[in-house]
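Worksheet: one structure, shown below.
The values are calculated or read from the model by the stated rules, or taken from the named source; none is laboratory data. The structure displayed is predicted, hence computed values, not measured ones. In this analysis, Cβ positions are derived from the backbone assuming ideal geometry, glycine residues included, and neighbour counts consider all displayed protein chains. Accessible surface is based on the protein model in full, side chains and every heavy atom, while ligands, DNA and RNA are left aside. Shrake-Rupley method; radii C 1.70, N 1.55, O 1.52, S 1.80 Å.
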Amino acid sequence: MNFSFFMPTRVYEEENCIKKHADLLSQFGKKAMIITGKSSARKNGSYEDVCNALNLYDIKHVLFDDIEENPSIETVMKARNVGIAEGVDFCIGIGGGSPMDAAKAIALMIYHKDSDATYLYDAKATSEHLPVICIPTTCGTGSEVTGVSVLTIHEKKTKGSIKHRIFPELALIDGRYLKHAPISIIRNTAIDSLCHLCESYINTKSTPYSRMCSDAGLKTWKDIKSLLLEDSLESASYSELASLMRASAFAGISIAQTATSIPHGLSYPVTYNLNISHGMACGYFLSAFIEAAPEELKQHILYLTDFKDAKDMHFFIKDILHFMPISDDTLQIAKKELCSNQTKLQSAPFLINESVIDSMYENIKSWS
Ligand SMILES: [Fe+2]
């Protein structure tokens, strides 16, 4: 037996978390770069909370709010040029996976200021980076507790993780930021976190330590399942909102140990070609992957998430996400890409080949 577990991010989770831990921000430097999307951080109050905390300790900041969904290498390089010109010495990513993943890549590239974008995918290059603080405002990516940064690679018409593992130094988690988020985003991201939990559990790299986290996450996810059927979270309690965030963080800690598996591997070309959200693209394949898994693993997941069978899970996901149709052509591209990705194929603890993927597709069609 040979197990390891590594999760170096300091995590605080509580109501008014940024305000209560404002002092920690002053440890990272004198000028921060706040990295976020166009508007949500302003709407949910997280941007204001961060500004107030920085002002309290006289820390300057520059705002880069041009991060698109599925951020591209080009956007990362544009932000890095701003960061270098402004002389920032740490990065704060606020938002969903896109700003947090981008913040990690930007922090890497500011540090290596003489390198070009090929550095991101250079497996032999060193991974020193500016300190990164992550503040999640959605409940799916878990990027605040992983070293992963997934970027869009337009040249290859897909997405891919950079070759560097960049864990945030600090994650500040506050469920309040979910309260006014559109329910479609909550549903999409919560299904992404379910995928992370299941793909980490059904994984050749899973260990008793990673399963401690995925089991806790699956139990927490079951408790918030019914919230996803609501039309909004306006009347949700802080404890419910915190559970949504916690399920996502447990899922992040799980995939930080194992990485994701087949549904994520199939999802990347679907997201790229059809512009379907990440949660929906992964959720489309999840139940068929669970159905294909060894019985013991499948039953464990279904028991913890309280679904009768894989079809029941598929209908739940389909009903809340309103799946967009995925063409046969795109499914074939997804299959081809997955079958050429040895790392993803080997992540499944059972045989995955073209015919297994075809039967997964058949199950999905028969459940639709
Ligand atoms: Fe994901």
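Electrostatic bookkeeping for GLU74 treats Lys and Arg as +1 and Asp and Glu as -1; over the other residues with beta carbon under 15 Å from its beta carbon, the sum is -1. For the chain, the longest principal axis of the alpha carbon atoms and the long axis of helix 73-86 meet at an angle near 20°.
A simple spin-label model places pseudo-atoms 7 Å from Cα toward Cβ; at GLU354 and LYS60 they are separated by 5.9 nm. Computed in the context of the full set of protein chains, the accessible area of segment 182-367 at 1.4 Å probe radius has 51% of its extent on carbon or sulfur. Accessible surface of segment 10-176, 1.4 Å probe: 48 percent of it comes from carbon and sulfur atoms. Applying the criteria of a DSSP loop state and at most 16 other Cβ atoms within 10 Å to the trypsin sites (Lys or Arg not before Pro) of segment 109-166 yields LYS113, LYS124, LYS157, LYS163, ARG165. Solvent-accessible surface of the chain, taken per residue with a 1.4 Å probe and all protein chains present: 42 Å². Counting only pairs 8 or more places apart or on different chains, how many lysine pairs in segment 176-312 have C-alpha atoms closer than 29 Å? For segment 176-312, the number of qualifying lysine pairs is 20. In this entry, the chain is assigned a mean projected area of 16.9 nm², taken as a quarter of its C-alpha convex hull surface.
Placing +1 on the Cβ of every Lys and Arg and -1 on the Cβ of every Asp and Glu, with no other charges, gives segment 10-176 a dipole of roughly 240 debye about its Cα centre. Relative to the longest principal axis of the Cα atoms of the chain, the long axis of helix 238-258 lies at roughly 80 degrees. Cβ screening of the chain for cysteine pairs under 4.7 Å finds these without a partner: CYS17, CYS51, CYS91, CYS134, CYS139, CYS198, CYS213, CYS339. Relative to the longest principal axis of the Cα atoms of the chain, the long axis of helix 310-321 makes an angle of roughly 40 degrees.
A cut-off under 12 angstrom between Cβ atoms defines the neighbours of GLY283, and their net charge, with Lys, Arg +1 and Asp, Glu -1, is -1. For the listed peptides 238-248, 217-227, 345-355, 197-207, a ranking on the average number of other beta carbons within 10 Å per residue, highest first, reads 197-207, 238-248, 217-227, 345-355. Only beta bridges with both residues in the chain are counted; by DSSP, about 15 percent of them are antiparallel.
Segment 96-121 and segment 319-359 have their alpha-carbon centroids 29 Å apart.
Estimated from helices alone, the mean residue ellipticity of the chain at 222 nm is -16000 deg cm²/dmol (sum of -39500 (n - 2.57) over DSSP H runs with n ≥ 4, per residue).
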